[in-house]
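I have placed the structure first, in the form of structure tokens, so that the comments after it can refer back to it.
The values are calculated or read from the model by the stated rules, or taken from the named source; none is laboratory data. Computed from a predicted model, the values in this text were never measured in an experiment. Reconstructed Cβ throughout: ideal geometry from the backbone, glycine too, with neighbour counts over all protein chains shown.
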Amino acid sequence: MAQGTRKKVLELRLLADPFVVAAPTGARIRDRLRLSSADEKILMLLGDHLGHHARADLAERVRIGKVPVKDNRRAERKRALTKVSSSRWAGAITRASEDQYRLSLRCLFDERALLRRAITEIGKRLAVPCGRRVGGVRGYQSRAERAQKQCRLQSLTARLTEVDRRIEGGHPAIVLGGRRLARARHNLADTSLTESEWRERWDSARLFLTADGESGVPYGNYTISVDPADGSVTIVLPEPMRHLANAPRGRYQLDCTVTFHHRLDEWLDRITAGQAVRYDIVHDPSRGRWYLDASWATPKRVQPTADELAATGARLLAVDLNADHLAACVVDTHGNPVGEPVTVPTDLPGPTSHRDGRLRAAITELINLARANGCAGLAIENLGFADARATGRETMGHGRHGKNFRRAVAGLPTARFRERLRGMAHHHGLVVIAVDPAYTSRWGAQHWKQPLQQQSKTTVVTGHHAAAAAIGRRALGHGLRRRPGVTAHDQRIVARRATGQTVPRPRARGTASPPRTAGTPHQGTKTCRDRSDQHALFPVSQDRSGRQPASPVGGDAANTGQLG
């Protein structure tokens, strides 16, 4: 082959090792508060009063900037807030301000990384002339597209400069109530909201009704207390609002009661033992409802590693996440598919509450399927799409096909699916293994789609089912490529599938066993040699009388004394 026509050898990506997703570190339950008009008015006054001081404290924390924890003046700020609220309300406000500040800084660092990645990708393509390819980098197709990308590069560079300035000064931009809702105020016609409706949502989002739990106090929380006997809720009012109290010691008792149904036993165990429980009162103005959320920290548990789980010989339910459905396949300890693959529809378009409910229903179906097949856990891809979303059209295609692909990627609930699956699977005693998503779809379709279709009689196997099988094999430590004889159409071959081929087994070395010659017959199902001096995976053939053949199988010229 000529030097100029030699094809470039593509290097494969380095694959990350599969890992077990950590168990959730906390629990959260919710129940509805059916408030009277008087109770609703009191909660609005309380939330607005505490929210005003919480916003002032957060602004002061941002002005302090990026300093060590000992220099953030939290004790000083807490003493100032205690005068207008109480010691416990002040502690919750300063803790929330510190958490919000740290979270905003992490978001700034993530934004800087994404901007740098996008600037690098665009800069590479701008360095190549239009319509040409240099060193594997393709230039833009037209001058108009190149000019647009130059404008975008300038815009991204300006944003990066601003982000660097904020990180250096330690002053992130924080909007209590949500930046999206704040921007909607200037485009009410596009949001189908009136000014009064927007104002109601804005005020509700800026309420502060959060009380941190305390260990050793009655029912795990002194500020917002829930009596397990009758479900009554009492709240400690700040000092300026003590005249509105209807219970002893400056407390206000709501007319309604609370009855938690989900994880009730865990909640009762904690509050009866005096362990800390945090409470949040949330207002949903679109529905006109109030909710009480209870949350607490769960003890840390040591999860088995992916190698330990594979060594136990357990099955896994491999799941491939797609825009409109979940493709699942059960794999055994050798990496062989068991049974027929399953498709779980998701149908996620719609309001946020509807999407979350449908996603939970799909995950519940996966968990029931795993338990019915005796699986010890679920295997999923470690998807994030952070790089793809940052670079956009630079790495995700052009035209109609690229637009559809980017839309599908944007519609995948990767983070929400992972978090929901982690929590729900943990409560059912299942582990979640995350694997590197590289080549699962390509190699799965190449090596497992046809064998799965031959094995399945009633299910139409797609490339997503084959990708699920590849995900399960990678979670167990096997390769994605199928060796001959693992699955087959013939029933006799399926009955004796060569599962040992999918597991690396150490062979004896040295003089552990006497050598065998090609002329020595072998009994039973042990491997023997045929006439072509190759290993055969089937026992030595016999006639109907059960007698061995007259001449040994695998005889060659050296054994018979004949020359080839």
Return the only residue of Ala306, Ala310 being surrounded by 15 or more Cβ atoms within 10 Å (Cβ to Cβ), closer than 30 Å to Gly472 by Cβ and touching a Ser or Thr at 6+ places or on another chain (Cβ under 8 Å). Ala310
Check on Asp332, under 24 Å from Ala438 (Cβ atoms) and of a type in the set (Asp, Glu): yes
Number of the condition not met by Ile281 [criteria: (1) surrounded by 18 or more Cβ atoms within 10 Å (Cβ to Cβ); (2) in contact with a helix residue (DSSP H, G or I) (Cβ under 6 Å, 6 or more places away or on another chain)]: (2)
For the range 79-95, give me each residue that is assigned to a helix (DSSP H, G or I) and surrounded by fewer than 19 Cβ atoms within 10 Å (Cβ to Cβ). Arg79, Ala80, Thr82, Ser87, Arg88, Arg95
All conditions in (1) touching a residue at least 40 places away in the same chain (Cβ under 8 Å); (2) touching a helix residue (DSSP H, G or I) at 6+ places or on another chain (Cβ under 9 Å) are true of His447 except (1)
Take the conditions surrounded by 13 or more Cβ atoms within 10 Å (Cβ to Cβ), over 30 Å from Arg61 (Cα atoms), in the same structural domain as Val62 (by TED's automatic domain parsing) and in contact (Cβ under 8 Å) with a residue 60 or more places away in the chain and apply them to Glu121. Does it pass? yes
Per the list (1) out of contact with any strand residue (DSSP E or B) (no Cβ under 9 Å at 6 or more places or on another chain); (2) of a type outside the set (Val, Ile, Thr); (3) part of a loop (DSSP other than H, G, I, E, B); (4) in contact (Cβ under 8 Å) with a residue 24 or more places away in the chain, residue check on Leu268 breaks on (3)
Scan the range 339-351 for residues that are more than 20 Å from the chain's Cα centre (by Cα) and either of a type in the set (Ser, Thr, Tyr) or surrounded by 19 or more Cβ atoms within 10 Å (Cβ to Cβ) (or both) and jot them down. Pro341, Val342
Filter the range 65-78 down to the residues that are in a helix (DSSP H, G or I), among the basic types (Lys, Arg) and closer than 24 Å to Arg106 by Cα and list them by number. Lys70, Arg74, Arg77
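Take the range 228-240 and flag every residue that is farther than 9 Å from Thr257 by Cα and charged (D, E, K, R).
Glu239
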Filter result for Thr194 (surrounded by fewer than 16 Cβ atoms within 10 Å (Cβ to Cβ) and farther than 29 Å from Ser104 by Cβ): yes
Run Asp230 past the list (1) charged (D, E, K, R); (2) out of contact with any strand residue (DSSP E or B) (no Cβ under 7 Å at 6 or more places or on another chain); (3) more than 17 Å from Val282 (Cα to Cα) and report the number of the one that doesn't hold. (2)
